[in-house]
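First the structure, in the form of C-alpha cells, and then the observations on it.
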2 protein chains.
Amino acid sequence: MYSEKVPEAIDLSHHLSEVSKARAISPLKGLQKYMTKPGLITMAGGTPSPEYFPFSTVSGETLIPESFPLTAQVILFGAGAGKKEKTTSFTINKWPAHTGDLNLATALQYSPATGLAALQKIIQEFSEKVYQPGYKNFTTLIDAGNTDGWGRAALTLLNQGDSVLCSEWTYPSALAGIRPWGIKTVPIAMDGQGMRSDSLRETLASWDEAERGFKRYVLELLPARLNALTTYSGPHVMYIIPVGQNPTGATMEAQRKKEIYDICVEFDVIIVEDDPYYFLQQSPYVPKDQRHRRRCLLFDLDRREVYRSTRTEFLEVRFDYQGRVIRLDTFSKTVAPGCRLGWYTCNPQFAERLERAGETGTAAPCGFSQVMVASLLLNWHYEGYIRWLRALRLQYQQRRDAFIDALADAFQLDMGIEINGHRKGSLVYHASLKPERQFSEKSSMRYSKPLFSFVPPSSGMFVWLKLHLEEHPSYTAVGYKALEFKLWTALAEHGILFGFGSMFSASAVTDETKGDGHFRISFSSTEHDDMKKAASTFALVLREFMKDQ
Amino acid sequence: MYSEKVPEAIDLSHHLSEVSKARAISPLKGLQKYMTKPGLITMAGGTPSPEYFPFSTVSGETLIPESFPLTAQVILFGAGAGKKEKTTSFTINKWPAHTGDLNLATALQYSPATGLAALQKIIQEFSEKVYQPGYKNFTTLIDAGNTDGWGRAALTLLNQGDSVLCSEWTYPSALAGIRPWGIKTVPIAMDGQGMRSDSLRETLASWDEAERGFKRYVLELLPARLNALTTYSGPHVMYIIPVGQNPTGATMEAQRKKEIYDICVEFDVIIVEDDPYYFLQQSPYVPKDQRHRRRCLLFDLDRREVYRSTRTEFLEVRFDYQGRVIRLDTFSKTVAPGCRLGWYTCNPQFAERLERAGETGTAAPCGFSQVMVASLLLNWHYEGYIRWLRALRLQYQQRRDAFIDALADAFQLDMGIEINGHRKGSLVYHASLKPERQFSEKSSMRYSKPLFSFVPPSSGMFVWLKLHLEEHPSYTAVGYKALEFKLWTALAEHGILFGFGSMFSASAVTDETKGDGHFRISFSSTEHDDMKKAASTFALVLREFMKDQ
C-alpha cells in the first residue's frame, strides 16, 4: 500500500537494554521451515489435545455498532440494566467448519506471542488505515493491554539506573512499573497541550552538555580501567500520553507533536506513546445554557470531524519516519478493560524483542479474549467499529459535560485564560462557593475567592482539579500536601472518592514540597444523579473544610 | 479448618529481591476502609462505564465431567471433530440478576490483581482440599499461567547475578525467563525420581563452605568501604517440576520430596514448585500383550488410587510447615492453555509482593477467561472437576501407552533397570532396529545394539528418549550434539517434529560438550495413526541415519 518513497525504519538497535539483548532468539525459528510441510506430525510441544478442552462452543451476544447515537441526547446515560438493547450474536465452535474459521481448538491452545492470525490481521489493517505510520515496515504486535505493553517496552529499552522523560504530571502506574528497577524519571514541564517542547529541548540540551563534561572528566582524570564502571547517560526513552493526558486531560496538537518528535530525533530518544484515549476525543465544553444552539452546530461539525479524525486527521505515528515511536493501543477503553488486550505499533526490530519478552511473561494473550474481540470486530467490520467509536466519544463527552454542569450547579464558575504553569493557554474554570443566605457578609466574602479550578478535558475520562488552598487557615502551617489529603479524607468520609493529586506527580512529593493540591475526578462511569450528589457534597465539604483549623 | 497446632508461615522476607522490596505498597490500601461504605460514589479510577461494554452476554457450552471414561477403552482417541458430545451450558449476563452472580459488568471491568471473588474462592477451596498446605495462613493468588507465575516469582526472589537450583534437565522456557536478567542456573544431578537429594546437599554444602571462605577473605583483605560492592551468595531459590518432570517424565516420591524440603530448610532455600502435570499422573506402562489382564486389575486399583490421590494422598505442600514453597498451579493442562490462568499457593508475605508484581504486568488476568473458567467449575462443582481430572489422567495414560506401543511395533524393545545417570533406578526400554530380511547378517548385527532408550513417564505428556549414537560412523569426529541435530533434521525432513534434547540442558551445551543426545517426544495431542506413522518413520530414518557418513 505504501509508495516507494516511504522510508523504512532506521537501525535503532543500540537502544535495546542489556536484558533485551540477552533474550534468546525465537525458539520457533528452527521449526519454521518445517511447520508448513503438508502432513507434518508435530510431537515437539507440550500441547494438550483440544479434544479435552471442556469448551465445545463459546458464544457472545454483542451490541450493534449503532447502539449509541451520533447526536447529543437529552437523557444522557443511565444504569444500563434492563435497557432494551439491539444485539447480534456469534458462536465459536471447538472445531472449525471451514479452514481459517475462528475455532477453540486453536484459540485455546498454546500459541506464539503474536496471537491468533485473524486478530493479527484486524489489528494490522486497523493501524494501517487509522494511523498510517510514516515508515513502511511498521509492525503490530498484540499484548495484554497497555500496562503489559509499557512494562515490556520499558524493560526492552531501559537498563537499571536509566532515566525516562515524562510529563510533570503523569499516570502513576506507568511509574510504579519502572521505579522498582531503579529507573528514574525526568519530569518535563507541561502547558495546556501537555509536554512542552521548549522544556524538553532545554532538559536534553543541558544533559548533553553535562554528559560531555562528565565524559571529559572521566577520560582525563580516572584510570582507564575504571571507565567501564562509569555509566552516565542522558535519558533516551520518553513516556508520553499525548491525547487526553492522564491526569490533566490535555491533548497535543499536531505542531507540538512534530516539535517533540524532531527533538527526539535530534537527541536520539525513543518515544513510547501510551494512547488509550485517542478515540475518546471530545468537542470543547460549552456551558449548559449556551449548549442547545451551539451544540447543534458543534455536532454537525463534529460528525464530520470525527469521521475525518479517525480516517485521515489524527495520524499519530505519521511523523515517525524513523521507527522511533512505540505506540501502545488498548481495547480497554473502547471495548472493555477485562479483555486485557492491546497492541504495539513499532519498528520490526523492537517488535521482535517485545515478542520475546512476551513469551516469558504473559505468553500469548488469553484465547477467550482473542476470539471474543476478533469475533466482535469481524462482525462489526471496520466501518462498524469506527461507527461505535464515534458514538462512544460522544457518550464520554456527554458524561464530561454532565459532571461539569453539576459543578456549575454547585459552585460559582468563572472563566479565564491561564497564563502560567501546566495549564498555560487553556480556558480555565474557577470555582468558588456560592453565597449562603445564612452567612454573614464577612463569611461570604471570605469564600468568594476560587477554591479550585479546572480545564475541561479535550479527551479521556478525567477532570483535573487544581485546589486553591492558600485561604485555608492551616495552609502556612501544614502545607498543601497535608491539606490535599485532609480534604480527600473528608470527602471519603462523606462517601465521595476522588483520586488525590500527589499520586500523579512525576517528582517525589514530601511534606515540604511546595505546590498546589489536585484531585483527579473520573466522570467515565458515575451515574448522572451520583455526579450531582458528588458535586453538591463537594461544595458542602469544602465549605466546612475551609473553616476548619 | 486447621487445628490450633498447625503453624503459621515463618518470616522469609529476607528472600525478597531488591526489585520486589522496591515495589510500592498496594495503591488500594488507602481506599480500602471506604470501599464498603454504603452508597459510596467512586470517581477515583479510569473505569469505563460497563454500559459501553459491547458484550451483553457471553455463553459457554461445556462438556460434562463424565465425558471421558474411568476405564481403558479399545478405541483410545480420535480427532474429536464431529464426535457426539454431552454438554451443558451457561450464560453470563452483563448485569447480575442477583447480588454476587458472575456478571460481565464486573468481570470485564478493571479489577485488582487478585481477580474475581468467585474464582478466588474456588481456587482457595481447591488448594485447601487437595493440597492441604502444612501451615495455616497459606494464600492463593491468581496468575496468568505458570510462565507468568514463575516469571513473577523469580523476579520477586532473585537479584541480578543470583543463582537458581534446578534439575540438570529442565523446562527451557523457565530458564529463558531468567537468563536475560543475568540469573545463573546451578544444575543438580537427577535419578529416576528427578532431582537427587544427595547431590543437592553436596552442592549446597560446598557452596556454604566456599562462601564462608570468601567472606573471611573479603573481610580480612579488602578495605571496609568495598564490602558493599562484594556480593557473593549461594543459591537460595530452587525451580523444580516434581511430577512428570519436563522433559524426563520422572515423578518424585514423598520420601524424596521430604528430603529435599528438609535440605532447603537447612540451607534456607525457597522452592518454586512448577506442577502442571500433577493431575496427569499415570499407572506404570504395561506392554500391550500383557495389558488386557493386568489392566483390568490395574484400573480397579487405579480408580481407588486416583480418588485417594486427589483427596488425601499427594499432598504437595503438606511438607511445607514454614511457607517456603511457592506452588504454581495452572489450568493449561486440565482445562486449556488459552485460559492463561493459574494460581500461586504460598505464604502471605510472598503473595502480597507477587500481587504487586502482577499489578504492573498482566494486571488482573483476562476477565473472559475468569468468567469462563469460574462458570465451568461452578457448574461442575468440586466433585465434577475431580471426576474430570481422573478421566483426563487416564486419557493421557492411554496416549502414552499408544505411543510406546507404536515404538514397540517399529523397534525391538528390551527391558532393563538403569543403574547410572539421570534415570537411575528406573525400568528402561532399550530400542534396537528390527532385522530386515534384505539385510546381510553383518548389517543386521551392526544395528542390533540399542539406538535409543527411554523410561515410560509416570506423569505428564512426554517420552524422553536417550539416543545411543556411539555406533554412528561420525560419532568420534563430530560429537553427540551435531548428530542429535542431524537426526532431528532428517526426521523433520520426513515430516516428524520431535523436541531436540540439548534445549533442555540446564548447563550450556557447546559442540565440545560430552554426553548423550536426547529427544523429547510429546504424545499428548498426536492422533493414533500419526503416532504409528511417527514411530515407523523414526525406524526408517534411524536405519538410514546410522549408515550415513
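Only one entry in B:Leu467, B:Leu540, B:Leu451 is away from chain A (no Cβ under 13 Å), open to solvent by 60 Å² or more (accessible area, probe 1.4 Å) and at pLDDT 90 or above, namely B:Leu540.
Regarding B:Thr147, is this residue under 23 Å from B:Thr360 (Cα atoms) and at pLDDT below 95? The answer is yes for B:Thr147. Answer yes or no as to whether A:Gln132 is more than 12 Å from chain B (Cβ to nearest Cβ), over 30 Å from B:His518 (Cα atoms) and without any contact (Cβ under 8 Å) to a residue 60 or more places away in the chain. Spelling it out, it is not the case that A:Gln132 is more than 12 Å from chain B (Cβ to nearest Cβ), over 30 Å from B:His518 (Cα atoms) and without any contact (Cβ under 8 Å) to a residue 60 or more places away in the chain.
Filter the stretch B:475-531 down to the residues that are assigned to a strand (DSSP E or B), more than 10 Å from every other protein chain (Cβ to nearest Cβ) and over 24 Å from B:Thr185 (Cβ atoms) and list them by number.
So in the stretch B:475-531, the residues assigned to a strand (DSSP E or B) come out as B:496-500, B:505, B:518-522.
This time we only want the ones that are more than 10 Å from every other protein chain (Cβ to nearest Cβ), so: B:505, B:518.
Of everything in the stretch B:475-531, nothing turns out to be assigned to a strand (DSSP E or B), more than 10 Å from every other protein chain (Cβ to nearest Cβ) and over 24 Å from B:Thr185 (Cβ atoms).
Please enumerate the residues belonging to the stretch A:58-69 that are more than 7 Å from every other protein chain (Cβ to nearest Cβ), open to solvent by less than 30 Å² (accessible area, probe 1.4 Å) and not aromatic (Phe, Trp, Tyr). Once the filter is applied, which keeps residues that are more than 7 Å from every other protein chain (Cβ to nearest Cβ), open to solvent by less than 30 Å² (accessible area, probe 1.4 Å) and not aromatic (Phe, Trp, Tyr), the stretch A:58-69 yields only A:Pro65. Number of residues in the stretch B:104-131 that are surrounded by fewer than 17 Cβ atoms within 10 Å (Cβ to Cβ) and of a type in the set (Gly, Ala, Ser) equals 1.
The rows are residues; the columns are (1) open to solvent by 30 Å² or more (accessible area, probe 1.4 Å); (2) in a loop (DSSP other than H, G, I, E, B); (3) among the aromatic types (Phe, Trp, Tyr).
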{"position": "A:Ser26", "(1), (2), (3)": "no, yes, no"}
{"position": "A:Gln32", "(1), (2), (3)": "yes, no, no"}
{"position": "A:Pro48", "(1), (2), (3)": "no, yes, no"}
{"position": "A:Ser56", "(1), (2), (3)": "no, no, no"}
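When the stretch B:266-292 is examined, which residues are found to be part of a strand (DSSP E or B) and within 15 Å of the chain's Cα centre (by Cα)? Show your work before the answer.
So in the stretch B:266-292, the residues part of a strand (DSSP E or B) come out as B:270-274, B:281.
Of everything in the stretch B:266-292, those that are part of a strand (DSSP E or B) and within 15 Å of the chain's Cα centre (by Cα) turn out to be B:Ile271, B:Val272, B:Glu273, B:Asp274, B:Gln281.
Checked across the stretch A:135-149, the condition of being closer than 24 Å to A:Gln255 by Cβ, open to solvent by 20 Å² or more (accessible area, probe 1.4 Å), more than 10 Å from chain B (Cβ to nearest Cβ) and under 22 Å from the mean Cα position of the chain (by Cα) holds for no residue.
If you take the residues of the stretch A:3-23 that are outside any loop (DSSP other than H, G, I, E, B) and open to solvent by 30 Å² or more (accessible area, probe 1.4 Å), which of them is nearest to the other protein chains (Cβ to nearest Cβ)? Residue satisfying both the conditions and the ranking: A:Ala22. With respect to the stated conditions, A:Leu76 is at pLDDT below 90 and within 30 Å of the chain's Cα centre (by Cα). Here B:Tyr344 clears all of (1) crowded, with 24+ Cβ neighbours inside 10 Å; (2) aromatic (Phe, Trp, Tyr); (3) over 23 Å from the mean Cα position of the chain (by Cα) except the condition numbered (3). Among residues of the stretch A:499-524 that are open to solvent by 20 Å² or more (accessible area, probe 1.4 Å) and of a type in the set (Phe, Trp, Tyr), those with a Cβ under 9 angstrom from a residue that is part of a loop (DSSP other than H, G, I, E, B) and at pLDDT 90 or above, sequence gap 6+ or separate chain, pair up as A:Phe500/A:Gly517; A:Phe500/B:Ala44.
Cβ separations smaller than 7 Å between residues 6+ apart or across chains give the following pairs from the stretch A:250-277 residues that are crowded, with 22+ Cβ neighbours inside 10 Å and hydroxyl-bearing (Ser, Thr, Tyr) to residues that are assigned to a strand (DSSP E or B) and modelled with pLDDT under 95: A:Thr251/A:Gln281; A:Thr251/A:Ser459; A:Tyr277/A:Ser459.
Yes or no: the stretch B:365-379 includes at least one residue that is buried (at least 23 other Cβ atoms within 10 Å of the Cβ) and at pLDDT below 95. Yes.
How many residues does the stretch A:34-46 contain that are at the interface with chain B (Cβ under 7 Å from one of its Cβ atoms) and part of a loop (DSSP other than H, G, I, E, B)?
Adding up the residues that qualify gives 6.
Mind checking whether some residue in the stretch A:408-428 is away from chain B (no Cβ under 14 Å), open to solvent by 10 Å² or more (accessible area, probe 1.4 Å), in contact (Cβ under 8 Å) with a residue 40 or more places away in the chain and under 20 Å from the mean Cα position of the chain (by Cα)? Checking the stretch A:408-428: at least one residue is away from chain B (no Cβ under 14 Å), open to solvent by 10 Å² or more (accessible area, probe 1.4 Å), in contact (Cβ under 8 Å) with a residue 40 or more places away in the chain and under 20 Å from the mean Cα position of the chain (by Cα). When A:Ser332 is tested against (1) open to solvent by 10 Å² or more (accessible area, probe 1.4 Å); (2) facing chain B (nearest Cβ under 10 Å); (3) of a type in the set (Ser, Thr, Tyr), only condition (1) is not met. Go through the stretch A:486-541 and give me each residue that's touching a Phe, Trp or Tyr at 6+ places or on another chain (Cβ under 6 Å) and among the polar types (S, T, N, Q). A:Ser522 - this is the single residue of the stretch A:486-541 that is touching a Phe, Trp or Tyr at 6+ places or on another chain (Cβ under 6 Å) and among the polar types (S, T, N, Q). Scanning the stretch B:162-195 for residues that are at positive phi and away from chain A (no Cβ under 12 Å) yields a count of 1.
The values are calculated or read from the model by the stated rules, or taken from the named source; none is laboratory data. Computed from a predicted structure; not experimentally measured. Positions of Cβ are generated from backbone atoms using ideal geometry, with glycine treated the same way; all protein chains shown enter the neighbour counts. In case anyone asks, the SASA skips ligands and DNA or RNA and just uses the protein heavy atoms, side chains included. Shrake-Rupley method; radii C 1.70, N 1.55, O 1.52, S 1.80 Å.
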